[in-house]
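Trainee: Would you mind keeping the following structure in view while I ask a few things?
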Amino acid sequence: MKYRILVMDNRAAAYNFADIIAQFNTGGSEFEVKTFGSGHINDTFIIKSKAKNGADFLLQKINQFVFKDIDSLMNNMVYVTNHLKQKIAKTGNPEKEVLTLIKCNNGKYYCQDAQGDYWRMTNFLHNTKSYDLVTNIKQAQQGGVAFGRFQNLLCDLHPDLLESTIPDFLNIEKRLNDFNSAIKNNSAQRLSSVTEEIEFLLSRADSMNEILQQGKAGILPLRITHNDTKFNNILLDQADEIQCVIDLDTVMPGYVAYDFGDAIRSIINMAPEDEKNLDAIQLNIPLFEAFAKGYLSQTISFLTEAELKSLMMGVLLLPYMQAVRFLTDYLEGDVYYKTQFPEHNLQRTRAQIQLLKMLEMSKEKLSGIIQNEWLNLKNTSKTGAEMIAG
Ligand code: ADP
Ligand code: GN1
Ligand code: MG
C-alpha cells in the first residue's frame with residue numbers, strides 16, 4: 001500500500017513517517033502528522049486520518065536514552081492495559097478509559113525504524129484534554145480520583161509481575177548518589193553558579209529517606225504505582241471528569257506515597273513547574289484538599305495506617321527529589337530532560353526548591369487535611385450499626 005503523509009511542523013519533518021506508520025495496523029494510508037503534547041521525555045505526534053471517518057492515532061518515539069529495555073517496557077504496558085481493560089469492562093468503557101495499543105506487522109506493540117528509533121502507537125482519545133496546570137477544584141478532585149483509582153485497580157497484582165523500567169527510578173539514595181557524582185565531575189562546568197542550591201538540597205538529604213527505609217523494613221508495602229503522576233498525565237473529558245490515566249512508561253513497583261507526592265507538585269501549585277518568578281509559587285490549599293479527598297475515596301479500602309502516614313512524607317520527598325534530578329541534569333549538561341533554553345533545568349530546580357520551602361512551612365496543616373479527609377471517609381463508610389457501636 002502507498003502511504004501519503006502530510007508533515008505539519010519541523011520536528012515531525014525529521015522522520016520518515018510513511019515507513020514508520022506502515023508498520024502499524026492502522027487500516028488507513030493517508031495521514032497528517034503533527035507534534036503533540038508537552039512531555040519532557042518522549043517525542044509525541046498526533047496522526048490524523050485524511051479519510052472520512054478514518055481513525056486518528058497517537059504515535060510516540062520512545063526515548064532510548066531514558067528507557068534502556070524497550071521490550072520490558074512494552075511488556076509492562078501491555079500487561080497493565082490488559083488488566084485495566086478487563087476490570088473496567090465490568091463498570092465502564094475500556095476503549096475510552098484505558099489506552100489501546102496498536103499492533104505492528106511484526107506481531108509486537110512496538111517497532112523500529114531505519115534509524116534505529118523505537119515507536120509505539122495508541123488510539124487517539126478524542127474530546128479529551130491534558131492540563132499542565134490545574135485551574136479549578138473539580139479538576140484537582142478528579143486528579144485524585146484518577147490516580148487513586150489507578151492504584152486501586154492494580155493493587156491485586158503482585159509487584160514482581162512488572163519489570164522496573166528504570167531501575168531505582170524514585171530511589172532517593174540512588175538519586176543523591178548521582179547528584180554527588182554530578183557535583184564531583186562538574187562535567188558542564190556549571191558548579192560555581194549553583195552552590196546555594198546544592199547546599200540547600202544536601203542539608204535535607206538525611207531527612208528524606210524515610211519512605212525508603214520504611215519500605216526496606218517492610219512497614220510500607222511495595223505495590224504497583226504509576227510513578228509519574230504529573231497532572232498532565234491524565235486526560236479529562238469536556239466536563240472535567242477523569243477519562244484516562246496516560247504515560248504508563250513508569251508503571252512499576254513503588255510506594256503509594258510516591259504517586260500522592262508527585263501529583264501534589266502540580267496540583268497544589270498553580271504556577272508552572274519552571275516558574276521563574278519565585279513569588280508566584282504559592283500553595284493552593286483547597287486544591288490540595290480536593291485532591292486528597294478524591295485520592296482517599298478510591299484508596300481507603302486498601303491503604304494501611306502506615307501508608308496513610310507516609311502520604312505527607314511523599315508530599316515533601318517528591319519535589320525534593322525532582323529538584324535533585326533537575327539539578328543533576330543541569331550539572332551534567334542537560335542530557336536527560338528536554339530543555340527550551342540553557343538555564344531551563346536550573347530554573348526548574350529553583351521552582352521546586354521554592355515549592356518545597358512552602359510545603360515545609362505548611363506541613364502540619366497539610367497532614368491535618370489528610371487525616372481529616374480520612375476520618376470523614378471512614379465515618380461516612382461506616383454502617384449505621386458501626387456508628388452506634390462507635
Ligand atoms: P511523555 O512521556 O513525553 O510525557 P505522554 O505519554 O505523557 O508523553 O504524552 C504526551 C501528551 O500527549 C500528553 O500529555 C497528552 O496531552 C497527550 N496524549 C497522550 N496520549 C494520548 C491519547 N491516547 N489521546 C490523546 N492525547 C494523548
Ligand atoms: C518526566 O514524561 P513526563 O514529562 O511526564 C519524568 C518524570 C518527572 C517529570 C517532571 C521517565 O515526565 O519523572 O517527574 O518529567 N519522566 C521520566 O516534569 O523521567
Ligand atoms: Mg507525560
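Trainee: Does Asp132 count as in a loop (DSSP other than H, G, I, E, B), surrounded by fewer than 19 Cβ atoms within 10 Å (Cβ to Cβ) and within 15 Å of ligand 3 (Cβ to nearest atom)?
Mentor: In short, yes.
Trainee: Output the number of the condition that Gly54 fails; it satisfies all remaining conditions of (1) small (Gly, Ala, Ser); (2) within 22 Å of Ile5 (Cβ to Cβ); (3) within 16 Å of ligand 2 (Cβ to nearest atom).
Mentor: Evaluating Gly54 over (1) small (Gly, Ala, Ser); (2) within 22 Å of Ile5 (Cβ to Cβ); (3) within 16 Å of ligand 2 (Cβ to nearest atom) leaves (3) as the failure.
Table: residues versus (1) more than 16 Å from ligand 2 (Cβ to nearest atom); (2) assigned by TED's automatic domain parsing to the domain that holds His226; (3) touching a Leu at 6+ places or on another chain (Cβ under 6 Å).
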position	(1), (2), (3)
Ala292	yes, yes, no
Gln298	yes, yes, no
Leu317	no, yes, no
Tyr320	no, yes, yes
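Trainee: Right, something else. When the residues of the range 163-188 are narrowed to those that are outside any helix (DSSP H, G or I) and more than 20 Å from the chain's Cα centre (by Cα), which ends up surrounded by the most Cβ atoms within 10 Å (Cβ to Cβ)?
Mentor: It comes out as Ala188.
Trainee: Same structure, new question: Looking at Tyr118, Tyr79, Tyr109, which one is out of contact with any Phe, Trp or Tyr (no Cβ under 8 Å at 6 or more places or on another chain), more than 14 Å from ligand 3 (Cβ to nearest atom) and in contact (Cβ under 8 Å) with a residue 40 or more places away in the chain?
Mentor: Selected residue: Tyr79, the only one of Tyr118, Tyr79, Tyr109 that is out of contact with any Phe, Trp or Tyr (no Cβ under 8 Å at 6 or more places or on another chain), more than 14 Å from ligand 3 (Cβ to nearest atom) and in contact (Cβ under 8 Å) with a residue 40 or more places away in the chain.
Trainee: Right, something else. Name the helices (runs of 4 or more DSSP H) wholly inside the range 1-113 in which the number of residues that are in contact with a Lys or Arg (Cβ under 7 Å, 6 or more places away or on another chain) and surrounded by 15 or more Cβ atoms within 10 Å (Cβ to Cβ) is 1 or more.
Mentor: It comes to 70-88, 94-97.
Trainee: Say whether the condition of being within 30 Å of Pro221 (Cβ to Cβ), away from ligand 3 (no atom under 16 Å from the Cβ) and aromatic (Phe, Trp, Tyr) is met by at least one residue in the range 141-152.
Mentor: Within the range 141-152 (the criterion being within 30 Å of Pro221 (Cβ to Cβ), away from ligand 3 (no atom under 16 Å from the Cβ) and aromatic (Phe, Trp, Tyr)), the answer is no, since none of the residues qualifies.
Trainee: Would you check if Ile183 is at negative phi, of a type outside the set (Asp, Glu) and touching a Gly at 6+ places or on another chain (Cβ under 8 Å)?
Mentor: no
Trainee: Which one of these does Leu236 not meet: (1) under 24 Å from the mean Cα position of the chain (by Cα); (2) in contact (Cβ under 8 Å) with a residue 60 or more places away in the chain; (3) more than 12 Å from ligand 1 (Cβ to nearest atom)?
Mentor: Tallying (1) under 24 Å from the mean Cα position of the chain (by Cα); (2) in contact (Cβ under 8 Å) with a residue 60 or more places away in the chain; (3) more than 12 Å from ligand 1 (Cβ to nearest atom), Leu236 fails exactly one: (3).
Trainee: Here's a follow-up. Quick one: in the range 248-260, of everything that is of a type outside the set (Val, Ile, Thr) and farther than 17 Å from Val134 by Cβ, which residue is nearest to ligand 1 (Cβ to nearest atom)?
Mentor: So, considering only residues that are of a type outside the set (Val, Ile, Thr) and farther than 17 Å from Val134 by Cβ, the one nearest to ligand 1 (Cβ to nearest atom) is Asp249.
The values are calculated or read from the model by the stated rules, or taken from the named source; none is laboratory data. Given the structure is predicted, the values throughout are model-derived calculations rather than measurements. Using ideal geometry, Cβ is built from the backbone for each residue, glycine included, and neighbour counts are taken over all protein chains shown.
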